[in-house]
1. Please determine, by comparing only the residues of the stretch 248-268 that are open to solvent by less than 20 Å² (accessible area, probe 1.4 Å) and among the small types (Gly, Ala, Ser), which one is farthest from Lys201 (Cα to Cα).
2. Tally the residues that are part of a strand (DSSP E or B), within 15 Å of Leu196 (Cβ to Cβ) and either out of contact with any Leu (no Cβ under 7 Å at 6 or more places or on another chain) or among the polar types (S, T, N, Q) (or both), restricting the search to the stretch 126-144.
3. Just a yes or no: is a residue in the stretch 300-319 β-branched (Val, Ile, Thr), assigned to a loop (DSSP other than H, G, I, E, B) and touching a strand residue (DSSP E or B) at 6+ places or on another chain (Cβ under 7 Å)?
4. Could you say which residue among Arg124, Arg120, Arg101 is basic (Lys, Arg) and modelled with pLDDT under 95?
5. Which pairs have Cβ atoms under 6 Å, sit 6 or more apart or on different chains, and link a residue in the stretch 270-294 that is part of a strand (DSSP E or B) to one that is open to solvent by 40 Å² or more (accessible area, probe 1.4 Å)?
6. Considering every residue within the stretch 158-171, establish whether at least one is of a type in the set (D, E, K, R) and crowded, with 18+ Cβ neighbours inside 10 Å.
7. Taking the stretch 339-351 on its own, how many of its residues are open to solvent by 20 Å² or more (accessible area, probe 1.4 Å) and touching a residue at least 40 places away in the same chain (Cβ under 8 Å)?
8. Can you give me the ranges of the strands (runs of 3 or more DSSP E) entirely in the stretch 180-250 with at least 1 residues that are over 19 Å from Tyr301 (Cα atoms) and modelled with pLDDT under 95?
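The values are calculated or read from the model by the stated rules, or taken from the named source; none is laboratory data. Nothing here was measured: the structure is a model prediction, and the numbers come from that model. Cβ atoms come from the backbone with ideal geometry, glycine included; neighbour counts cover every protein chain shown. Ligands, DNA and RNA are excluded from the accessible area calculation, which covers all protein heavy atoms including side chains. Shrake-Rupley method; radii C 1.70, N 1.55, O 1.52, S 1.80 Å.
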Amino acid sequence: MSRTRIALSAAAAVTSVATLAIAATAPTALAHATDPPADHPGPTAGAVYVLGNQPSGNAVIAYDRDADGTLTPAGQYPTGGLGTGAGLGSQNAVILDDAGRHLYAVNAGSDTLSSFAVTRGGLRLLSTVDSGGDVPISVTVHGDRLYALNTGSGGSISGFRVDDGRLSPLRGSTRGLSGTAADAAQVQFSPDGRELVVTEKGTSLIDVYRVGGNGVPAGRTSVPSEGSTPFGFDFTPSGDLAVSEAGPSAASTYDVRPTGLRTLSASVGNTQAAACWLVVTDDGRFAYTGNGGGSLSISSYRVGRHAALSLLDGRSAPTTGGVTDIALSTGSDYLYARLGDGTVGAFDVQRDGSLVALLSGTGLPAGTAGIAAR
């Protein structure tokens with residue numbers, strides 16, 4: 001399989017807003033004929049993964065990441081399920097586990113989930129299982145437990161056991177959301193695995209589920225979001241919750257408790273429109289929102305003591321197309337954005353939290369969903 005290198009231009013290295021458009025199509029290779037001798041990542045610095053989400057057959061689109069943040073197309077890997085061909089309005093449609101050894105993806109068009117081993121030669125499909133509900137759009141994993149967020153019939157979460165990346169249903173784990181109008185966006189474990197959090201766009205509620213020792217939710221508390229339309233979110237290393245708010249284009253932080261949430265910073269605006277996706281750096285110093293609504297930008301926040309938020313730059317990174325999801329690489333050296341113009345944008349994360357644009361690679365089909373990086 002030939003590979004087209006996506007290179008950093010000299011101009012992009014000088015200006016933080018320049019991007020290099022690459023006339024390279026997405027790779028067409030579907031899978032490796034034989035598995036590599038060892039199931040662990042190869043010599044590249046990392047990888048970026050985007051979910052194709054095509055109704056004719058879902059696949060994970062892979063890119064190898066070099067140490068300087070540049071990307072090389074590295075194949076497409078069928079999930080064994082179907083996509084929808086349209087954006088899912090979610091975060092974490094495709095994720096990696098903490099070790100970077102396994103990848104998990106939703107198949108919203110066939111109500112299934114897929115898991116892959118991350119191997120030296122690429123991705124190897126391990127399992128494709130029923131999601132426990134209708135229209136799965138987000139997944140989260142902690143240890144040997146994975147939960148999926150299903151949005152059909154009012155919405156629910158369902159749990160799975162993880163055995164070396166293979167999924168099997170966790171009996172008695174399915175729980176409903178607040179009601180039929182939830183229109184949820186994301187599910188994620190807290191860092192210690194004791195809570196599951198779900199954002200509900202339709203009701204502007206944030207759901208907190210207590211997770212018992214058996215991995216099954218013991219109860220749900222639904223708390224009003226500080227700003228309307230809570231969407232994407234992430235946790236700081238200490239376990240505080242940072243949530244984007246598409247309504248006011250803002251972000252809030254919370255202390256997560258078994259009985260709900262305590263507000264730390266309330267609805268800090270970013271001067272843009274529709275802050276939808278949010279990630280926090282591994283050291284917990286900075287947070288970024290991917291902004292929709294025609295903003296064509298990524299905003300940066302400083303995360304201070306007790307998760308206090310302050311806006312660094314509303315347009316920390318202008319983009320070539322509308323942002324439709326964001327992800328940080330392992331170590332948070334680079335931020336990658338799935339853009340509405342069919343590109344993957346890449347940004348070098350500076351020590352002061354600012355972003356320097358590196359590249360924009362073409363080739364993504366319409367309707368892609370989710371992005372993950374390592």
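1. For the stretch 248-268, the residue satisfying everything is Ser265.
2. Matching residues across the stretch 126-144 total 4.
3. In the first step, residues of the stretch 300-319 are kept if they are β-branched (Val, Ile, Thr); the result is 303, 319.
From what is left, the residues that are assigned to a loop (DSSP other than H, G, I, E, B) are 319.
Right, trim to touching a strand residue (DSSP E or B) at 6+ places or on another chain (Cβ under 7 Å) and you get 319.
Yes, that holds for at least one residue.
4. Numbers: Arg124 fails: modelled with pLDDT under 95; Arg101 fails: modelled with pLDDT under 95.
Every option except Arg120 fails the conditions.
5. Once the first residue is part of a strand (DSSP E or B) and sits in the stretch 270-294, its partners that are open to solvent by 40 Å² or more (accessible area, probe 1.4 Å) give Asn291/Gln272.
6. First pass over the stretch 158-171, keeping only residues of a type in the set (D, E, K, R): 161, 163-164, 166, 171.
If we keep only those that are crowded, with 18+ Cβ neighbours inside 10 Å as well, we get none.
No, the stretch 158-171 has no match at all.
7. The initial filter retains those residues of the stretch 339-351 that are open to solvent by 20 Å² or more (accessible area, probe 1.4 Å), namely 340-341, 348-351.
Filter once more, so that each one left must be touching a residue at least 40 places away in the same chain (Cβ under 8 Å): 348-349.
So the count comes out to 2.
8. Working: elements: 184-189, 195-200, 205-211, 217-224, 230-235, 241-245.
Correct list: 217-224.
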